[in-house]
Each structure stands twice: as structure tokens, then as C-alpha cells.
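Chemist: Below is one structure. I have some questions about it.
The values are calculated or read from the model by the stated rules, or taken from the named source; none is laboratory data. Note that this is a predicted model, so its numbers are computed, not measured. Cβ placement follows ideal geometry from the backbone for every residue including glycine, while neighbour counts extend to all protein chains displayed.
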Amino acid sequence: MASITLEKLVKRYDKVEAVHGIDLEIADGEFVVLVGPSGCGKSTTLRMIAGLEEISGGALKIGDEVVNERAPKQRNIAMVFQNYAIYPHLTVRQNIGFGLYTSKLSTAEKNARIDETGRILGLTDLLERRPAALSGGQRQRVAIGRAMVRNPSAFLFDEPLSNLDAQLRAQMRVEIKKLHQELKTTTVYVTHDQIEAMTMADRIVVMKDGYILQTGSPVELYENPVDVFTARFIGSPSMNMIPSKSLAAQSGSLSGIENQLVGVRPHDLIVGAPTDQAILTIEGKVEAVEPLGPETMVHMRVEAEAVIATSPGNEAPPVGSMVTCAVAAGKLYLFDAKTEMSLGRK
């Protein structure tokens, strides 16, 4: 295992700079998720760590050594790609052991590693099957096993679950997290899915346009986003972002927040909640409802703004009706309307 350090890391394609001098320290054994929209630089950063993209500026350290000029095979890092590309004509055992083909281990040692990897990944009974006889989730585990059997210093995952259906993605999230907890290998994981980031990461790195906007634990980013982008990107459904002028006619303690953006998460904007202790009450017209079992998401219009609130249980207000929602103290997020930077909570 090893730490990974990015110091003023830059990536340029001709005259276009895709990653702008980012700094990041990943501790030995940490599970870090790079998250952001397409084109934000997260996969490019991962590929620079792997040695698959040339570094245009800055330094990349694995442990205490600068590895800018080292070839991928010299970095002792294993990468799992979105398209796992296991070999269809080889068995699971042969696919997992493929990464050991050029190693100097004895046959007995290689087989021991493959057997142990198969045990950890729940593939023991499938080792003699070929990929055609496996499910999508099992094939992804084989791809992980092929990386894992080499005993690398770090794992790199590039959106490995995006080709799986929703149920398999949820299952594989748990399996990868359990794998990390058992192996404690430094892991860098790239995704555009904030749910994957929230449920898997020790620490999340939010990226946009080649910059790092914020790093922190899932709870830190959810509770204390530094800007509008992070506030809306982390959390599902996204945080409501309402210009203060659209709330002028609403009741509550809104003095002194003119020309600001008011953020409130849908789960904190409760339909029919008591209003006597609320910092803000919002009235809107219901446009659609989404019953989800334990709660119902209520889509409504407040002045000209689309807002999402939560109704407890299976209580779905009629479409077209007017509803009143309450926000408790400490649940309002304030942002500067021009810079979109956080101004704290209210």
C-alpha cells in the first residue's frame, strides 16, 4: 500500500488545459472518490495517476517517490475500467491469473493467489466457468480480481459500475466497499454518480472544469458545501436554490438576505410541518408528486421557481393544490448570488 500525492498537477492537450494545477493528498489505505460531471477532469486525473496520460506539469508521488516518468507497469497500480474486457475464451481462473503471467512466482504461488482472490470476491465456485456463463456483476468481480491478484499498492477504478443495472450497481457498491475494508488498499475511484460517491468514499473530491472545488467526508460535503455547484451536486434530489426575491412574500426570518440565493434540501422542506418554530414557511402550487413509499417528493411552483419538497409517508397532496412547507432553523443555506460561494447557514 502507499499514499498518493498530487502537487500542482497539470494536463494540457496542445493549447487546451484540461486539469489546472490541482493539489491532493490521498492517505495510505484511504478510499477517495473523484466526482463531477462529464469533462470535469476526473478521469484524466486518474489516468495520469495510472501513467496512461502524460503529465504536463507538477508532480505525482506514490509514497515518497516522484513517478512522473515511470511507465504504468513500474507504478505497481492496478486499474479497473468501465469496460471490464475480460477474455471470453478463458475461464474465470485464467482471467484472474492473467495479470500474473509475467510474474516470477511459482505455479503453486500463482494458484494460491488466484484461489484467495476468488474466495474474497465470492468467485470460488465459478473459477472454471467462462465469462458467457456469468452475470454482469460476476464479470465485473472477475475484472476486479484480475487487478487485485497482483497485490498492487493502489486500486484505480474508472466508472466501473456504469454499465450495470441499478440493482447490480447497488450490490457492487457494497461489495467494493467491503473489499476495501478487508484489504485496506489505497483506492481512487472515479464516478459521475454522487450516490456512489456518498455511499463508498472515506473522502470525496468534487471537480468541475479541471479544478477541485471541495474535498471532505460525505457528511462534510452534504452539510457544509462551499458553493452552489457542490451544494446541488451532492445530495439527491438536488438542493433547491431559490433567489431571495422569490421568497419576499413568504413568511419567516428572512431579513438581511436580499440579493442572495437561498438553498434548502428537499428533505428539509416539509409539507404540512408545524410553522410556529420554522425559520421559513413556503407556499407553492403542486405540479407533480412522486410517491416513493416512506415519503413522497412534491414538485411545486413558488413564484417562478421550481421547488421540490417532501411529504411524509404516503400523503400525496393533489396536483394543482396549494401547500405550505416549513423549514427548521439551521436548514437554510445562503449563497452569494454573484460568486455563488457559501455565506453560511441560517
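Chemist: Just checking, does segment 87-107 include any residue being in contact with a strand residue (DSSP E or B) (Cβ under 9 Å, 6 or more places away or on another chain), in the same structural domain as K208 (by TED's automatic domain parsing) and of a type outside the set (K, R)?
Modeler: Yes, because at least one residue in segment 87-107 is in contact with a strand residue (DSSP E or B) (Cβ under 9 Å, 6 or more places away or on another chain), in the same structural domain as K208 (by TED's automatic domain parsing) and of a type outside the set (K, R).
Chemist: Of V219, V174, which residue is out of contact with any Leu (no Cβ under 7 Å at 6 or more places or on another chain), surrounded by fewer than 19 Cβ atoms within 10 Å (Cβ to Cβ), farther than 21 Å from R146 by Cβ and not basic (K, R)? Explain how you work it out, then say what you get.
Modeler: Numbers: V174 fails: farther than 21 Å from R146 by Cβ.
Being out of contact with any Leu (no Cβ under 7 Å at 6 or more places or on another chain), surrounded by fewer than 19 Cβ atoms within 10 Å (Cβ to Cβ), farther than 21 Å from R146 by Cβ and not basic (K, R) holds for just one of V219, V174, which is V219.
Chemist: Only one of (1) in contact with a Ser or Thr (Cβ under 9 Å, 6 or more places away or on another chain); (2) within 29 Å of R119 (Cβ to Cβ) is not met by V205, so which one is it?
Modeler: All conditions pass for V205, except number (2).
Chemist: Test R345 against the stated conditions and say whether it is under 25 Å from the mean Cα position of the chain (by Cα) and surrounded by fewer than 20 Cβ atoms within 10 Å (Cβ to Cβ). It would help to see each step written out before you state the result.
Modeler: Values: under 25 Å from the mean Cα position of the chain (by Cα): yes; surrounded by fewer than 20 Cβ atoms within 10 Å (Cβ to Cβ): yes.
Considered against the rule, which asks whether it is under 25 Å from the mean Cα position of the chain (by Cα) and surrounded by fewer than 20 Cβ atoms within 10 Å (Cβ to Cβ), R345 comes out as yes.
Chemist: Also: For residues that are of a type in the set (A, V, I, L, M, F, W, C) and either under 18 Å from T191 (Cβ atoms) or surrounded by 21 or more Cβ atoms within 10 Å (Cβ to Cβ) (or both), tally how many sit in segment 222-241.
Modeler: The number of residues fulfilling the criteria is 5.
Chemist: Another one. Can you tell me which of I22, I77 is closer than 29 Å to T199 by Cβ, at pLDDT below 95, crowded, with 17+ Cβ neighbours inside 10 Å and assigned by TED's automatic domain parsing to the domain that holds H180?
Modeler: On the way: I22 fails: at pLDDT below 95.
The conditions single out I77.
Chemist: Which of (1) of a type in the set (G, A, S); (2) in contact (Cβ under 8 Å) with a residue 60 or more places away in the chain; (3) crowded, with 19+ Cβ neighbours inside 10 Å does G145 not meet, given it meets every other one?
Modeler: (2)
Chemist: Let me ask you something else. Would you confirm whether any residue within segment 198-216 is touching a Lys or Arg at 6+ places or on another chain (Cβ under 9 Å), among the aliphatic types (A, V, I, L, M), under 15 Å from V35 (Cβ atoms) and surrounded by fewer than 21 Cβ atoms within 10 Å (Cβ to Cβ)?
Modeler: No, there is no match, as no residue in segment 198-216 is touching a Lys or Arg at 6+ places or on another chain (Cβ under 9 Å), among the aliphatic types (A, V, I, L, M), under 15 Å from V35 (Cβ atoms) and surrounded by fewer than 21 Cβ atoms within 10 Å (Cβ to Cβ).
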